[in-house]
Amino acid sequence: MTARLKLIALDAEDLAVISAHVQDARVQTSDIIWRQRQKRLVVGMNRLDWEQALAGESAPRRLIAALRFDRVLSCKSRHINLGMPDAVLELLGIEFHPTEPPSGSALLMFSGGEALRLDVECLECELCDLGADDLGTSDLGEGTQPPGLDA
């Protein structure tokens, strides 16, 4: 088992590293949590363990992780229906577009054309693995059920 990741991004280069680790992560819309008063966005996700996959171990595994952005001034979405909490989005990547330093916009892009744009005072992002997806929920976005839920 690989060690749990905890990565922090304070600039665009750091964010590119986090983006590589969250590529192809599955995100349920109910796991996108915007805390306006705290200026924080948290995205719960089920990400592919890229280190394990690239090491050539037999079956790729998924990890439950949290992606957090702090000092967020606004959060805007495109084509994300928060009224469908069970909808699953596939994260393609994250980009940072600076405006007047140190502020800018972080853009989270999803496979179906969905997007989140975060206008930030400055870039403060953290990716933290919470553990392996031992409950088998990693396939829920693909039309299967976790073990033991047979009809």
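The values are calculated or read from the model by the stated rules, or taken from the named source; none is laboratory data. As the structure is a computational prediction, the values presented were derived from the model and not from experiment. Glycine also receives a Cβ, built like all others from the backbone with ideal geometry; neighbour counts cover every protein chain displayed.
Just one of (1) within 22 Å of ASP119 (Cα to Cα); (2) crowded, with 18+ Cβ neighbours inside 10 Å fails for ARG47. It is (1).
Counting only strands (runs of 3 or more DSSP E) that fall entirely inside the stretch 1-67 and contain at least 1 residues that are at pLDDT below 95, the qualifying elements are 40-48. When ARG26, ARG40, ARG35 are checked against the criterion of being free of Cβ contacts under 8 Å to residues at least 40 places away in the same chain and in contact with a Leu (Cβ under 9 Å, 6 or more places away or on another chain), ARG35 stands alone in meeting it. Cβ-Cβ contacts under 8 Å between residues 6 or more apart (or on different chains), taken from a first residue in the stretch 73-87 that is loosely packed, with under 11 Cβ neighbours inside 10 Å to a second residue that is of a type in the set (Val, Ile, Thr), are listed as ASN81/THR29; ASP86/THR29. Using the structure shown, decide if LEU41 is under 16 Å from CYS122 (Cβ atoms) and surrounded by 14 or more Cβ atoms within 10 Å (Cβ to Cβ). The answer is yes for LEU41. For the stretch 68-93, a tally of residues being farther than 15 Å from MET109 by Cα, of a type in the set (Lys, Arg) and assigned to a strand (DSSP E or B) returns 1.
Candidates ASP24, ASP31: the one that is on the phi > 0 side of the Ramachandran plot and under 14 Å from the mean Cα position of the chain (by Cα) is ASP24. Of the residues GLY93, GLY104, the single one that is under 21 Å from ALA12 (Cβ atoms) and touching a Ser or Thr at 6+ places or on another chain (Cβ under 7 Å) is GLY93.
Could you grab me the full set of residues in the stretch 84-122 that are more than 23 Å from ILE64 (Cα to Cα) and either under 13 Å from the mean Cα position of the chain (by Cα) or of a type outside the set (S, T, N, Q) (or both)?
PHE96, HIS97, PRO98, GLU100, PRO101, PRO102, GLY104, GLY113, ASP119, VAL120, GLU121, CYS122
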